[in-house]
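What follows draws every value from the coordinates through simple rules; no lab data is involved. As the structure is a prediction and not an experimental result, all values here were calculated from the model. We place every Cβ from the backbone using ideal geometry, glycine too, and count neighbours over all the protein chains shown.
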Amino acid sequence: MNDETIDRPRLTPKGARTRARIVEAAAALIHARGVANTTLEDVKVAAEVSGSQMYHYFPDKNELLQAVIAYQADSIVSRNRRVLSGAHGVEAWRNMVISAARRTKAKGGCQLGSLVGQLAETDPEARALIAAGFDQWSATIAEGLRSLHAHGELQSDIDPDDLAITLLATLEGGLLLAQVLGNSRPFETAIDTLLALAIHT
């Protein structure tokens with residue numbers, strides 16, 4: 001975060017809504033087209049804002065990309081936390097991620113993971129933000145698994161934190177295979193196999 005960002009005045013409610021609309025539009029375009037094929041002009045049109053509004057909130061593409069990464073990470077973590085904290089949390093989580101993969105046939109891949117290949121090797125700030133997002137995501141999954149562990153439903157030698165990382169890695173790899181093959185079966189197989197090995201039925 002730079003000094004300019006720190007010194008900016010607090011947004012009004014209307015300003016916050018406009019900024020959020022820009023970020024949401026950018027996130028959708030970047031997921032569909034990729035970072036390189038999404039311009040600030042594209043986002044301006046999609047968000048239905050003026051040029052002055054666009055550049056007021058995001059003077060350059062780098063700042064917008066950072067906001068998109070944070071938005072995608074926050075959205076994923078919120079969805080996962082909501083599902084995992086409910087009844088039958090891990091089963092509900094499994095159904096959520098598989099339903100999403102089936103619906104889209106994994107087109108575009110993971111909203112956060114798809115940014116890795118585009119940004120992680122060339123943009124250190126973006127890489128750090130993506131890594132932080134994955135850390136939050138893994139921690140959220142681990143929270144849900146601890147309930148199973150406390151009730152003796154996980155295999156006794158499995159650590160919830162380790163299983164959360166393994167599930168996240170499996171999810172990302174499974175989505176990549178599903179994206180390449182155009183169907184969700186590899187993803188479903190990977191997730192279901194891992195859960196069957198880890199959880200007492």
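Points worth noting:
- Matching option when the condition is closer than 23 Å to SER138 by Cβ and assigned to a helix (DSSP H, G or I), among VAL23, VAL83: VAL83
- Considering the stretch 26-38, and only residues there that are out of contact with any Gly (no Cβ under 7 Å at 6 or more places or on another chain), of a type in the set (A, V, I, L, M) and part of a helix (DSSP H, G or I), the residue that is nearest to LEU119 (Cα to Cα) turns out to be ILE30.
- Residue selection: ALA47 satisfies the criterion of being touching a Lys or Arg at 6+ places or on another chain (Cβ under 7 Å) and not aromatic (Phe, Trp, Tyr).
- Listed conditions (1) under 16 Å from ALA92 (Cα atoms); (2) of a type in the set (A, V, I, L, M, F, W, C); (3) crowded, with 18+ Cβ neighbours inside 10 Å; (4) out of contact with any strand residue (DSSP E or B) (no Cβ under 6 Å at 6 or more places or on another chain) are all met by LEU195, apart from (3).
- Considering the stretch 98-135, the residues that are within 15 Å of LEU176 (Cβ to Cβ) and of a type in the set (Lys, Arg) include one that is surrounded by the fewest Cβ atoms within 10 Å (Cβ to Cβ), namely LYS107.
- Whether a residue is farther than 20 Å from ALA196 by Cβ and under 14 Å from the mean Cα position of the chain (by Cα) was assessed, and ARG103 does not pass this test.
- The test for being over 16 Å from the mean Cα position of the chain (by Cα) and hydrophobic (A, V, I, L, M, F, W, C) holds for ILE22.
- The residues in the stretch 39-65 that are of a type outside the set (Phe, Trp, Tyr) and not in a helix (DSSP H, G or I) can be counted, and the count is 6.
- When the stretch 110-165 is filtered for residues that are free of Cβ contacts under 8 Å to residues at least 12 places away in the same chain and of a type in the set (D, E, K, R), the ones remaining, listed by number, are GLU121, ARG127, ASP135, ASP157, ASP159, ASP162.
- Note on the stretch 113-165: residues that are over 30 Å from GLU63 (Cβ atoms) and under 20 Å from the mean Cα position of the chain (by Cα) total 9.
- Filter result for SER99 (under 29 Å from ALA190 (Cβ atoms) and in a helix (DSSP H, G or I)): yes
- Single residue of GLY51, GLY86, GLY15 found to be touching a His at 6+ places or on another chain (Cβ under 9 Å) and exposed (fewer than 15 other Cβ atoms within 10 Å of the Cβ): GLY15
- Options ALA178, ALA142; residue that is in contact with a helix residue (DSSP H, G or I) (Cβ under 9 Å, 6 or more places away or on another chain), surrounded by 14 or more Cβ atoms within 10 Å (Cβ to Cβ) and more than 19 Å from GLN72 (Cβ to Cβ): ALA142
- Among (1) part of a loop (DSSP other than H, G, I, E, B); (2) closer than 22 Å to ILE191 by Cα; (3) out of contact with any Leu (no Cβ under 7 Å at 6 or more places or on another chain), the one test that ALA106 misses: (3)
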